[in-house]
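The values are calculated or read from the model by the stated rules, or taken from the named source; none is laboratory data. Here the structure is a predicted model, which is why all the values come from computation and not from measurement. Quick note on the areas: whole protein, heavy atoms, side chains included, nothing else; ligands and nucleic acids left out. Shrake-Rupley method; radii C 1.70, N 1.55, O 1.52, S 1.80 Å.
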Amino acid sequence: MSSWNFKGLRGSMLEEMVNRTNEQYRKKGLALIQKVPTPIIPIKFNKEYRHITLAYFEQKSTVDYIGAVQGLPVCFDAKECKTDSFPLINVHQHQIQFMADFERQKGIAFLLLYFSGRGFFYYLRFFEFCQYVERAERGGRKRFKFQELDPEYELKQKHGIFLHYLEGVQKDLLERD
């Protein structure tokens, strides 16, 4: 069974930006996206601050976010990377399987990446991620480099939206047609 020992909130800046963006999308009627909670079993508490300091994951999580964009089902995971090289192991096999199943049901699955050393946000299409995984399975690198990414899928703040990932969804859909 996996455990979680609180050392700080890894990826919390990215998660906060995604949450704020989702709220903006909801208010504008563009999308309804929810954070998927990870079920945990608390073991140790800091009673003074009312914080959980040690917990076990009750079950494997799927993805970080799920919802609908203008009637289209979407799911995605948000990942932060400090270097210019993203380890594929950061996305677990059960998450990859969930996204593949989601796409088979005509949903749109993707990853939101934040290269914190560069301040660079990226919409990674699921099929593009799968190409990196297949390369690794054939004996290639078990990571992909920042330089391999398509600059057309860089995400920027636009129209007052913190992390305008719906532009990535739109480009993704156009390329699927």
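Once you sort the root eigenvalues of the Cα gyration tensor of region 70-177 as a ≥ b ≥ c, which label holds: rounded (a/c under 1.5), prolate (a/b larger than b/c) or oblate (the other case)? Oblate, since a/c reaches 1.5 and b/c is not below a/b. Taking the alpha-carbon distance from Lys106 and a cut-off under 17 Å, which lysines remain once sequence neighbours fewer than 8 residues away in the same chain are dropped? Partners found: Lys171. When Glu48, Glu152 are compared by accessible area at a 1.4 angstrom probe, the order from most to least is Glu48, Glu152. Heavy-atom accessible area for His159, with the other protein chains in place and a 1.4 Å probe, reaches approximately 130 Å².
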